[in-house]
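The values are calculated or read from the model by the stated rules, or taken from the named source; none is laboratory data. Fair warning: this is a prediction, and the values are worked out from it, not measured in the lab. Cβ: placed from backbone, ideal geometry, glycine included. Neighbour counts: every protein chain shown. With ligands, DNA and RNA removed, areas are computed over all heavy atoms of the protein, side chains included. Shrake-Rupley method; radii C 1.70, N 1.55, O 1.52, S 1.80 Å.
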Amino acid sequence: MEKAAGSPSVGGSCPQKNAEILSSQYGINLFLAGLLLTFAWAVHAVGISKSHLLSYLITLMLLQLLWMLWYLCRSCTQRRLIRDKDTHAGAHWLKCGITLFAVITLILDSFKIGYYIDFSNCLSPTEGIFPVTHAVHTILQVYFLWCHAKDIIQSFKTLERFGVIHSVFTNLLLWTNGVLTESKHQLNEHKERLITLGFGNITIVLDDHAPQCNCTTTTLCSIFSQGIYYLYPFNIEYHILASTMLYVLWKNIGRKVEHHHQHKTPFKFHGITVGMIFGLIVLTSTIAIVVVYLIQIGHSKIKSELALTMFYLHAIFVLALMCTAGIVALLIYRLEDRSLDNSKNPARKLDAELLVGTAAGSWLLSWGSILAVICAQAHPKYTWYNLPYSVLVIIEKYIQNLFIIESIHREQEKVNDDIKTLRIVTISRGSTLSLTPSYKEIYNGRAARDSGEVPCLIKGSICGRENGGGGSKEETSQENSSVVHSASDFSFYSRNSVTNNKRRVLKNIAAFLFLCNLSLWIPPAFGCRPEYDNGLEEIVFGFEPWIIVVNLAMPFSIFYRMHSAASLFEVNCKT
C-alpha cells in the first residue's frame, strides 16, 4: 500500500522503491548493451556492422514513441484532473533551448536522408530508416517535453518509471552514437593534418567508413557529407538536454510536493549592459580565433604553431577574466547574509552533480597537458603556453562551479522588486521631509486604503491633520516622531540601495560568464582542439593512449560549457 498523500517522501512504499530500483537496472543494462554494440562497430569487430547498431537504436526509439503516445493519450483523457507540477523542472528558457537544438537536429536528419538517397546503391536500408525514425522521434519528444516536463506522475507509477527511464537511456545512447561519429570524423581530420605535416614517427591509419560506391550527384554528396559534421554538435547537445529533463521527470514520479507560490523570474536585459558588452566582445573574438585556427592549422608547421600560440593566448586572457569575475561574485556572497534553500529539488541536485561530474573531463585533459609539459624532453616555444592555459582551466572551473552551485541554492528575496521605495513628501510647519517607508508600511497602508481608512504612513503628521485639533505640544511630538521615523527610513533606503548595487554587479557577472561559456563551447564543438594538434601529449603518452583519453574526456568538456551557460542563464534570472 502506498503512503498517504501528505507524506513528504518520494515514492516511499516498498513496491515503489523496488520499481525504482528495477527500472534503473533495466535502463543501465539497456545502455550497456548499446554501448558495447557501438564500441564493436567502432573497432570493426567481426560480424558487427553499422546496420546492427542502427537497428538497435531504431528499436529503442520506436518503443519510446509507443510509450509517449500512450502517455499523451492518457493525459488527454484525464486533462480535467488537477495534477501536481514541479515548478523548478522544465524552465521555459530550457524548453526554448532544446527546441532550437531539435530544429537543427531535424536539418541534420534531412541531410542524412539526402546522403542516403545519393548513396542508396551501396548503403544498408537501415541508414535510410534511421534518420526518418529519428526525425519523428525528435518532433514527438520535444512536444512531450513542452507539455509534460513538469509533471509529477502519481498513477501507473511502475509502468511510467520503466517508460521514462527507457527514454532517458535511449537519448543517452543516441548522444553516444553522435559523439562517436563526430569524434571519428575529428580524428580522421587530425590524422590527415599529421600526414600533411610529415610526422613519420606515428603510425597513421585513417578510419574510413565511407560508402564503397560512387555518388549519383557529386556536389550534393559533398554538401551533405560536410554539412552533417557541422550540425553534429547541436544534435549532441539536444540529446543530452533531453536525457536530463527526462531524468528529472523520472525522479519526480510519486513525489509529494508542498504547494507554495513560485516567483516568476523572467530574463531582463536591463542592468546587465556592461556584462553583455564584455561577453559579446569575447564571443566575437572567439569566433574569429576559431575561423583563423581552422584555416591555418595543418597547412604548414609555422602556420600551425602560430595558430596554436594565438589560441592559447586568447584562451588564457578569457579564462583569467572569468576567474576574476567569479572571485568578485563569491566575495559579494561572503558579504551578504542570506540563507540557503536546502529543500528537496531533483532538478537543482542534478544541475550541481552535472557541473562537477562533467568538469572532470576538462580536468583530466588539463592534468595530462601539465604532466606532458613537465615530462617532455623537448619544448617547442608554443607548448609553454599550454601550461598556464591548463592551470587556468582547472582553477576557472573550481571557481565557476562554486559560484553557480551557491547561486542556485540561495533563497530569493521575498520583497517585490517593483515596490522597493516610496517617497512621501510631507509639509510640516513649512519644512519638507523626504521619507522612505518600508515595504511593510506600504502594505499596511494599502490594506487600510482598501478598507476605506486613511493610511497612516507617517505617525501623526497625516493622521493628526485628518483628526483635527491638537495643541502645539502634540504638533511638536508629531514633528519629533516624523524626524525619528525619517532617520530609520533613510537607513532602510541606504541598505536597499547597497543591495541593489550588489545585485546589479552579480547580474553583470552572470551575463558575462554566460557569454564566455558559450564562447568556450564553440572551439571544441567545431573542431578547434589543441589537445589533438600541439603534439606534445602524443609524444609523451603515445599517440593511441592520448587519443583515447581525448575522445573520452572531450564530450564531457563540451557538455560542461553548454550546461554552465544554461545554469548561468538561470542564475541571471534568479539574481
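Data for the structure
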read-out	value
Test: residue in the range 239-249 that is touching a Phe, Trp or Tyr at 6+ places or on another chain (Cβ under 6 Å) and either surrounded by 14 or more Cβ atoms within 10 Å (Cβ to Cβ) or at pLDDT 85 or above (or both)	yes
Positions within the range 342-384 being of a type in the set (D, E, K, R) and surrounded by 12 or more Cβ atoms within 10 Å (Cβ to Cβ), in sequence order	Lys344, Arg348, Lys349, Asp351
Lone unmet requirement of (1) open to solvent by 20 Å² or more (accessible area, probe 1.4 Å); (2) over 23 Å from the mean Cα position of the chain (by Cα) for Phe130	(1)
Residue list for the range 29-80, filter: small (Gly, Ala, Ser) and under 17 Å from Glu160 (Cα atoms)	Ser75
Count of residues meeting criterion [open to solvent by 30 Å² or more (accessible area, probe 1.4 Å) and within 15 Å of Phe169 (Cα to Cα)] in the range 25-46	10
Test: Ser369 is more than 30 Å from Arg255 (Cβ to Cβ), among the small types (Gly, Ala, Ser), at pLDDT 50 or above and under 34 Å from the mean Cα position of the chain (by Cα)	yes
Within the range 354-366, tally of residues that are at pLDDT below 90 and closer than 11 Å to Glu537 by Cβ	0
The range 527-575, subset aromatic (Phe, Trp, Tyr) and over 18 Å from the mean Cα position of the chain (by Cα), residue farthest from Pro388 (Cα to Cα)	Phe543
Flag for Leu60 being open to solvent by less than 70 Å² (accessible area, probe 1.4 Å) and modelled with pLDDT of 90 or more	yes
Test: residue in the range 299-316 that is outside any helix (DSSP H, G or I) and touching a helix residue (DSSP H, G or I) at 6+ places or on another chain (Cβ under 9 Å)	yes
Residue match in the range 490-503 (condition: open to solvent by 10 Å² or more (accessible area, probe 1.4 Å), farther than 18 Å from Val274 by Cβ, at pLDDT 55 or above and not in a helix (DSSP H, G or I))	no
Residues of the range 507-535 satisfying the condition of being over 21 Å from Thr324 (Cβ atoms) and among the aliphatic types (A, V, I, L, M)	Ile522, Ala525
Test: Tyr389 is open to solvent by 60 Å² or more (accessible area, probe 1.4 Å), under 25 Å from the mean Cα position of the chain (by Cα), modelled with pLDDT of 85 or more and of a type in the set (Phe, Trp, Tyr)	no
Residues being of a type in the set (Ser, Thr, Tyr) and open to solvent by 80 Å² or more (accessible area, probe 1.4 Å) - total across the range 63-78	1
Pairs where the first residue, in the range 292-307, is on the phi < 0 side of the Ramachandran plot and the second is open to solvent by less than 70 Å² (accessible area, probe 1.4 Å) and of a type outside the set (A, V, I, L, M, F, W, C), C-beta under 6 Å, 6+ apart	Ile297/Ser304; Ile297/Asp533; Lys303/Gln296; Glu305/Tyr382; Ala307/Tyr293; Ala307/Gln296
Selected residue (criterion: modelled with the lowest pLDDT) from residues of the range 67-89 that are out of contact with any strand residue (DSSP E or B) (no Cβ under 9 Å at 6 or more places or on another chain) and assigned to a loop (DSSP other than H, G, I, E, B)	Ile82
Options Leu187, Leu145, Leu159; residue that is in a helix (DSSP H, G or I) and crowded, with 18+ Cβ neighbours inside 10 Å	Leu145
Flag if Val103 is modelled with pLDDT of 90 or more and open to solvent by 70 Å² or more (accessible area, probe 1.4 Å)	yes
Conditions (1) over 30 Å from Ala102 (Cβ atoms); (2) modelled with pLDDT under 90; (3) in a helix (DSSP H, G or I); number of the one not met by Glu258	(3)
Residue identified as of a type in the set (Lys, Arg) and more than 30 Å from Ser343 (Cα to Cα) among Lys85, Lys112, Lys95	Lys112
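The rows are residues; the columns are (1) of a type in the set (Val, Ile, Thr); (2) crowded, with 17+ Cβ neighbours inside 10 Å; (3) within 17 Å of Leu536 (Cα to Cα).
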{"position": "Ala288", "(1), (2), (3)": "no, no, no"}
{"position": "Leu308", "(1), (2), (3)": "no, yes, yes"}
{"position": "His314", "(1), (2), (3)": "no, yes, no"}
{"position": "Phe317", "(1), (2), (3)": "no, no, no"}
{"position": "Thr324", "(1), (2), (3)": "yes, no, no"}
